[in-house]
Structures are given as C-alpha cells and as structure tokens.
1. Applying the selection to the range 222-254, what residues are exposed (fewer than 13 other Cβ atoms within 10 Å of the Cβ), in contact with a Phe, Trp or Tyr (Cβ under 9 Å, 6 or more places away or on another chain) and assigned to a helix (DSSP H, G or I)?
2. In the range 87-136, how many residues are among the aromatic types (Phe, Trp, Tyr), farther than 26 Å from ARG2 by Cβ and within 17 Å of the chain's Cα centre (by Cα)?
3. Pull up the range 149-183, narrow it to residues that are more than 14 Å from PHE193 (Cβ to Cβ) and in a loop (DSSP other than H, G, I, E, B), then point me to the one that is modelled with the highest pLDDT.
4. If I filter the range 201-213 for residues that are of a type outside the set (A, V, I, L, M), in a loop (DSSP other than H, G, I, E, B) and touching a strand residue (DSSP E or B) at 6+ places or on another chain (Cβ under 7 Å), do I get at least one hit?
5. Inside the range 106-124, can you point out the residues that are surrounded by fewer than 21 Cβ atoms within 10 Å (Cβ to Cβ) and assigned to a strand (DSSP E or B)?
6. Of these, ALA170, ALA180, ALA146, ALA157, which one is over 16 Å from ARG109 (Cα atoms) and surrounded by fewer than 16 Cβ atoms within 10 Å (Cβ to Cβ)?
7. If you check ALA157, ALA180, ALA145, ALA200, which single one turns out to be out of contact with any His (no Cβ under 8 Å at 6 or more places or on another chain), among the aliphatic types (A, V, I, L, M), free of Cβ contacts under 8 Å to residues at least 60 places away in the same chain and over 20 Å from LEU241 (Cα atoms)?
8. Please tell me if ARG103 is in contact (Cβ under 8 Å) with a residue 12 or more places away in the chain, buried (at least 16 other Cβ atoms within 10 Å of the Cβ) and under 30 Å from GLU31 (Cα atoms).
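The values are calculated or read from the model by the stated rules, or taken from the named source; none is laboratory data. In this text the structure is predicted, and so the values were computed from the model without any measurement. Note that each Cβ is placed from the backbone with ideal geometry, even for glycine, and that neighbours are counted across all protein chains shown.
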Amino acid sequence: MRWRIDLSYDGTAFHGWARQDDVRTVQGLLEDALQTVLRLPERLAVTCAGRTDTGVHARGQVIHFDLEAAVEPRRLLRGLNGVLPADVIIKAVRVAPEGFDARFAAIARRYVYRLCDEQSSWDPLTRGHVLRVGRPLDVERMNAAAKRLLGEHDFAAFCKKREGASTVRALLDFSWQRTAPGLLEGTVIADAFCHSMVRALVGSVIPVGDGRQEIDWPITVLSAGVRNPAVVVVPAHGLTLEEVRYPADNELAARALESRQVRGEVHQRG
C-alpha cells in the first residue's frame, strides 16, 4: 500500500532534503523516524515532491512510501511527531490514491521568497526566513521583469545543469507584492524546478528592483542560455516550498508517466 505524508520543516539546521552520511537531513530524520515508529527491521525509503537545498524551508512538502503492513493513520501521525525534532512537523498521513507519486504526479510547485528592503523593518526574529536587502526595491519594475520570463523555456541560464537532464520548464507564475512596510514576497510557480532555479530567478530581478539593471536584463540572460556570473543566486534562507499541486485522482497515473518520459530522473529543487 502506498502512503502519502504532508509535512513542514524549518530548513535552517538541515543540509537539505536528501539523506547524506554524517550530516543532518530531512530525509534522513524522517526515514529513521518511520523505521522507529513502525518497528521495521530496515530503513524505509521515501520519495519527496521536491528536494529542497541546504537552508530552504517547507510548509507544503509531500512524500510517499510503500508499506505492506497495515497502519492506523492517526497513530502514525502522532508517533512520528512524537519522535521527530521540533523543526519537522507531520501535518497529515493518508493512504495515497492509485497512481499517486509524490514527485512525478505533481503538476506544479509553489515557492515563496521573502525579502525586507527597509532597515527599520529588519526583524531579528525572522532573520532565518527573510533576506535583508540594503537598497529599496521597486515592485513594479520587478514584476515587469518577472513577467517576461513566464512560459515554457530552457532555463539553463538559471540552473545548475546535470548530465542528461532537461532544463526546460514551464514557469507559470513569477510575481511580487508588498505584504507590509519593507516586506516583499515573491511567488514562483512552475511545473518543476531544476537545481538553484528559484534562487537564481529571484537574484535576477533584485538588481532590476533597485535600479542597477534594466527591466529586460533577466530575459536577456535567459535568452543567452548560459549561466551569467552577474546573476547572484540569493541565499537559501529566504525560500520556502509552500505547496505542491496534483491533478485529480483519475489523472495521477497519466501525469506520473508523462513526467518520467519528459524529465527522467531530474531533481526538482529550488
């Protein structure tokens, strides 16, 4: 039987999602917790919707795992939250519908990047989740630049390429708004992301917002098709995976098959 778990975590003290030897990762803690709570002789492998990098947070991460033994969902939820540290919270445990794959069945991931561009609004209590920017930003200029990047493109200029992996992505939304004086939120939605793509996209519009670059600069970088050293990959701590979206249950299997054929084993990362 396949199970789905929805979880949130503060990425500050993690070396990203993927299990690694001798470092603290979300996958490592979660797989160890499942082994403990389910009293399994071996570690249970889990698959996530998006492999977040070191320091990236998540409110809407989704995973799946396969298990032969019967499990009571509420008991598993309580058990996991009882053994996991305070920076990881299990929000829901349920039996996954037929054809569900946390990674390949997803149709979109929504990330939010948070900035503060006024020193009077800098807050030490949010320093681990909001990037402090030293210059005031023009949201209208940032939105004008971001809008030009929407659509399906080869985002090689904003990604760390992997051998044999596609960098073609459909960017569905890239927009900015002020949520309070000095505070900005950038929403980035795509069918999938390659390594460092979100943070590079954000890094391309910040200099537009503060006037150092023209509005057309990010689309010029994209069109060049190669990494531009002038594009700063912004720090991870301002980035949060907020949501993973899936199609209707009867479309899950077809979506998973399509994603595998198009992207193979490419990592979905911010």
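1. Result: no residue meets the conditions.
2. So the answer is 1.
3. It comes out as LEU150.
4. Looking for residues that are of a type outside the set (A, V, I, L, M), in a loop (DSSP other than H, G, I, E, B) and touching a strand residue (DSSP E or B) at 6+ places or on another chain (Cβ under 7 Å), one finds none in the range 201-213, hence no.
5. Passing the criteria: ALA108, ARG110, VAL112, ARG114.
6. The match here is ALA180.
7. ALA180
8. yes
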